[in-house]
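The structure appears below as structure tokens.
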Amino acid sequence: MGNSRTADKFVVRMPDGVRSRVEAAAGLDHTSMNTFVVQAIEEKLARAKRQELLLDALEQAVERVRGTPA
């Protein structure tokens, strides 16, 4: 992430109760709320990328079975 003074900053508005849940979860992980939120965002982005790759592979497999060029 780099230096916190030069890192990008983004204000997040959380629904009621979410901040306390994030704070509790971060505490259980022995990490800061910021680190917890950044990790959650990175995991979500990675999951979306894996899903995209899997769907592309599935589409190619279906096209091969049907004999249609990919």
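Annotations for the structure displayed:
- Any hit, segment 52-70, residues being modelled with pLDDT of 90 or more, within 19 Å of the chain's Cα centre (by Cα) and in a loop (DSSP other than H, G, I, E, B): no
- Entry remark, segment 27-51: residues being surrounded by 10 or more Cβ atoms within 10 Å (Cβ to Cβ) and over 16 Å from the mean Cα position of the chain (by Cα) number 4 in total.
- Pair list, Cβ under 6 Å, 6 or more apart: segment 29-55 residue touching a residue at least 24 places away in the same chain (Cβ under 8 Å), other residue open to solvent by less than 50 Å² (accessible area, probe 1.4 Å): none
The values are calculated or read from the model by the stated rules, or taken from the named source; none is laboratory data. Keep in mind it's a predicted model, so treat the numbers as computed, not measured. Positions of Cβ are generated from backbone atoms using ideal geometry, with glycine treated the same way; all protein chains shown enter the neighbour counts. Each accessible area value is taken on the protein alone, full model and side chains, heavy atoms only, with ligands, DNA and RNA left out. Shrake-Rupley method; radii C 1.70, N 1.55, O 1.52, S 1.80 Å.
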